[in-house]
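Written below as structure tokens is the structure these notes are about.
The values are calculated or read from the model by the stated rules, or taken from the named source; none is laboratory data. Keep in mind the model is a prediction, meaning the values are calculated, not measured. Using ideal geometry, Cβ is built from the backbone for each residue, glycine included, and neighbour counts are taken over all protein chains shown.
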């Protein structure tokens with residue numbers, strides 16, 4: 001054991017900041033390599049972000065799309081996982097600074113800290129319009145969605161009426177489209193049989209997009225097909241509609257105020273502040289308006305070959321001149337590419353520039369509804385939905401997770417139900433004050449002389 005520890009100490013030290021797709025795949029690629037790897041993250045788990053909306057819509061539970069980092073990397077003897085928050089860097093001394101005052105020494109540094117929501121200067125909107133980036137976000141969104149139906153049921157039972165159930169999703173990208181379709185599916189296919197005082201099918205689901213079409217990064221034909229599929233589910237798709245204010249219980253679109261039960265934010269991202277912190281330490285490094293760091297073709301910082309930036313934090317045109325998108329697939333490829341270049345350094349070989357392999361885009365809209373682009377091949381409907389399901393199941397970390405997710409999908413498909421409909425956290429939400437009611441159960445005799453009960457509400 002002592003010899004093993006001594007061997008690791010003598011190896012080049014690689015510190016990876018962030019356990020998302022980029023950081024995790026870099027760590028995997030360096031497993032068993034002649035380096036000592038330290039992966040540091042604020043969370044102890046890796047989250048499969050493309051399926052977060054399924055936690056938010058009560059299809060899956062958090063544990064089915066998230067796995068402990070230690071569990072994923074348990075077979076990599078040269079990789080250590082540290083739970084901690086990185087607050088900055090000392091580039092000159094080659095150190096990573098942690099919130100508790102600790103420091104990590106490195107020979108190579110890979111920063112894959114990801115991105116957070118951007119409210120375009122209106123950070124106060126976040127309280128009333130949460131976004132979807134973490135497991136905690138998904139659980140909170142699930143709470144708000146399910147609670148909205150419960151509050152409406154309570155109001156209808158106590159007063160005979162309820163305020164309109166209006167769900168507003170701001171942003172028509174993949175996340176917005178998936179959330180809108182999922183909420184419409186819950187209202188029309190899942191909850192109707194469980195609620196007695198309200199008709200959940202009457203819930204209004206609105207998707208607001210400031211551009212002329214949803215999924216604007218997709219080919220136009222797929223955008224149109226996605227919009228049509230959303231409308232088939234009952235979603236009101238409002239393009240060229242910019243939200244100008246978000247308040248408690250309402251939003252403003254142009255000059256129109258719309259009453260809302262739940263508002264969700266699905267547009268705009270801003271890179272982790274660690275990008276700016278890194279740029280401030282390294283002379284000549286630029287950061288764009290979204291906080292992304294401009295990197296060299298090999299994903300290293302200009303003038304700092306020992307530091308790499310990948311994933312949502314990096315701004316790069318690849319070897320083919322294409323702007324690399326902030327997608328999970330791109331982050332995975334970048335993680336592997338950076339690891340390969342570090343090993344080339346150790347072998348005395350020349351580094352290779354990063355070349356992004358575009359495997360296509362897919363977005364699911366609802367049951368048997370999706371759109372997919374793979375090269376020049378465009379699909380929509382059932383076969384696109386089936387392809388989306390297979391690809392995402394295969395990409396999940398851990399064989400157990402794949403089985404659990406596929407089981408839940410099969411169950412939901414054939415039973416039109418959700419197994420994760422739990423409201424956790426606060427259930428005491430502001431509602432209009434219901435009128436006082438008295439419920440009296442009176443025994444009466446019907447025309448056949450049979451005893452029955454009649455409920456009188458006064």
Margin query: For segment 280-289, which positions are buried (at least 16 other Cβ atoms within 10 Å of the Cβ) and part of a loop (DSSP other than H, G, I, E, B)?
Written below: 282, 285
Notebook entry, point to check: Out of 224, 213, 193, which single residue is within 24 Å of residue 151 (Cα to Cα) and either in a helix (DSSP H, G or I) or in the same structural domain as residue 138 (by TED's automatic domain parsing) (or both)?
Noted result: 193
Item checked: Flag for residue 180 being within 30 Å of residue 46 (Cβ to Cβ), touching a helix residue (DSSP H, G or I) at 6+ places or on another chain (Cβ under 7 Å) and modelled with pLDDT of 95 or more -> yes
Check: Among the numbered criteria (1) outside any helix (DSSP H, G or I); (2) touching a residue at least 24 places away in the same chain (Cβ under 8 Å); (3) over 30 Å from residue 289 (Cα atoms), which single criterion is violated by residue 379?
Finding: (2)
Margin query: Considering only residues that are outside any loop (DSSP other than H, G, I, E, B) and over 19 Å from residue 348 (Cα atoms), which ones fall in segment 293-328?
Written below: 293, 294, 301, 309, 311, 312, 313, 314, 315, 317, 323, 328
Note to self: Being over 26 Å from residue 177 (Cα atoms), modelled with pLDDT of 95 or more and in a helix (DSSP H, G or I) is the requirement here; does residue 4 meet it?
What the structure shows: no
Check: Residue check, residue 128 against (1) surrounded by 20 or more Cβ atoms within 10 Å (Cβ to Cβ); (2) assigned by TED's automatic domain parsing to the domain that holds residue 166; (3) in contact with a strand residue (DSSP E or B) (Cβ under 7 Å, 6 or more places away or on another chain), all met but one. Which one?
Finding: (1)
Item checked: Among the residues listed as 148, 156, 138, the single one being crowded, with 19+ Cβ neighbours inside 10 Å, out of contact with any helix residue (DSSP H, G or I) (no Cβ under 6 Å at 6 or more places or on another chain) and either in the same structural domain as residue 192 (by TED's automatic domain parsing) or on the phi < 0 side of the Ramachandran plot (or both) -> 148
Item checked: Evaluation of residue 203 against (1) touching a helix residue (DSSP H, G or I) at 6+ places or on another chain (Cβ under 6 Å); (2) surrounded by fewer than 17 Cβ atoms within 10 Å (Cβ to Cβ) (one fails), failing number -> (2)
Note to self: Looking at segment 248-270, can you tell me whether even one residue there is outside any helix (DSSP H, G or I), within 17 Å of residue 18 (Cβ to Cβ) and free of Cβ contacts under 8 Å to residues at least 40 places away in the same chain?
What the structure shows: no
Check: Assuming residue 239 fulfils every condition listed in (1) touching a strand residue (DSSP E or B) at 6+ places or on another chain (Cβ under 6 Å); (2) surrounded by fewer than 18 Cβ atoms within 10 Å (Cβ to Cβ); (3) at pLDDT 95 or above apart from one, which condition is it?
Finding: (1)
Next item on the list: Taking the residues in segment 298-326 that are at positive phi and out of contact with any helix residue (DSSP H, G or I) (no Cβ under 8 Å at 6 or more places or on another chain) as candidates, determine which candidate is surrounded by the fewest Cβ atoms within 10 Å (Cβ to Cβ).
Entry: 321
Item checked: Any chance residue 335 is surrounded by 14 or more Cβ atoms within 10 Å (Cβ to Cβ), part of a loop (DSSP other than H, G, I, E, B) and in contact with a helix residue (DSSP H, G or I) (Cβ under 7 Å, 6 or more places away or on another chain) -> no
Notebook entry, point to check: Quick check: is even one residue across segment 326-333 more than 20 Å from the chain's Cα centre (by Cα) and closer than 27 Å to residue 52 by Cβ?
Noted result: no
Check: part of a helix (DSSP H, G or I) and either at pLDDT below 95 or within 19 Å of residue 307 (Cβ to Cβ) (or both): does that describe residue 93?
Finding: no
